[in-house]
1. In this structure, does Ile36 turn out to be at pLDDT 95 or above and open to solvent by less than 20 Å² (accessible area, probe 1.4 Å)?
2. Pairs please, first residue from segment 134-145 and closer than 16 Å to Thr104 by Cα and among the hydroxyl-bearing types (Ser, Thr, Tyr), second anywhere and assigned to a strand (DSSP E or B) and modelled with pLDDT under 90, Cβ atoms under 9 Å, 6+ apart in sequence or on different chains.
3. So, in segment 142-170, exactly how many residues are under 12 Å from the mean Cα position of the chain (by Cα) and open to solvent by 50 Å² or more (accessible area, probe 1.4 Å)?
4. Of the residues in segment 47-64, how many are farther than 18 Å from Ala21 by Cβ and either touching a residue at least 24 places away in the same chain (Cβ under 8 Å) or in contact with a Cys (Cβ under 6 Å, 6 or more places away or on another chain) (or both)?
5. Ala42 passes all but one of (1) crowded, with 17+ Cβ neighbours inside 10 Å; (2) in contact with a Lys or Arg (Cβ under 8 Å, 6 or more places away or on another chain); which number fails?
6. For segment 45-67, what are the residues that are within 21 Å of Phe128 (Cα to Cα) and either small (Gly, Ala, Ser) or assigned to a strand (DSSP E or B) (or both)?
7. Would you say Met26 is within 17 Å of Val167 (Cα to Cα), over 13 Å from the mean Cα position of the chain (by Cα), open to solvent by 50 Å² or more (accessible area, probe 1.4 Å) and modelled with pLDDT under 95?
8. Can you tell me which residue among Leu70, Leu85, Leu100 is without any contact (Cβ under 8 Å) to a residue 60 or more places away in the chain, within 17 Å of Trp37 (Cβ to Cβ) and either open to solvent by less than 80 Å² (accessible area, probe 1.4 Å) or in a strand (DSSP E or B) (or both)?
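The values are calculated or read from the model by the stated rules, or taken from the named source; none is laboratory data. The shown structure was predicted, so the numbers you read here are calculated from the model rather than taken from an experiment. Quick reminder, even Gly has a Cβ in these numbers, built from the backbone with ideal geometry, and neighbours come from all protein chains shown. Heavy atoms of the whole protein, side chains included, go into the accessibility calculation; ligands, DNA and RNA do not. Shrake-Rupley method; radii C 1.70, N 1.55, O 1.52, S 1.80 Å.
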Amino acid sequence: MHIENPIYSSIQTPYTQPYMAPTANMQRKEIGDQAIWTLSSAKSGNGVDQLRDDNLNTFWQSDGTQPHYLTIQFLKKMRVQEIALYLDFKQDESYTPNKLSIRTGTNIQDMKEVQFIELKEPYGWYLFALKTKLLNGQEKPYVSTINVQIVVLQNQHSGKDTHIRQVKIFGPREKQNQGLSFPDFKTPELTQYASIR
């Protein structure tokens, strides 16, 4: 039996930078619509709707002192596998995040950092994998959490407010027969009957 470490380990998995916007596929699904999104502050017309509209020309703009918080709260514990951010230093300059912290927890008071990221003049999509380290040294390719928080600790060139253009959050796609003990229909014993009519 594998017992999860009660405190998420900060596994420094390097981020990936996909050429195109990350989308749902056979391994992952976008789960952001199942959450309540809140911001520590926002300029009028530059809030959550702009973060989630799939338009790279819109963005969240904070309107307060650092750090800036984006909190994603699910109604139940969810498996979160990856977070994708679109950042654009070419357009946003000093509004672009430089140091980010990704935190998870069952409530706001017990948030733990699972990723610390430092980016230099970022441009494009950045995909951050979240993992849970088990006591036996193995890893699960997700974290189980109710809350995810993206914290902008510092901007490029010491800018005050921040711009994040898009955010996507992915969970692992569950297998249809998970938890059920269906036989493997691809074994040689069963595939020999595949052409029987």
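1. Taking the combined requirement at face value, the residue does not satisfy it.
2. Ser144/Glu4
3. Adding up the residues that qualify gives 0.
4. Result for segment 47-64: 4.
5. With respect to (1) crowded, with 17+ Cβ neighbours inside 10 Å; (2) in contact with a Lys or Arg (Cβ under 8 Å, 6 or more places away or on another chain), Ala42 is out only on (2).
6. Trp60
7. Criteria not met by Met26.
8. After applying the criteria, what remains is Leu100.
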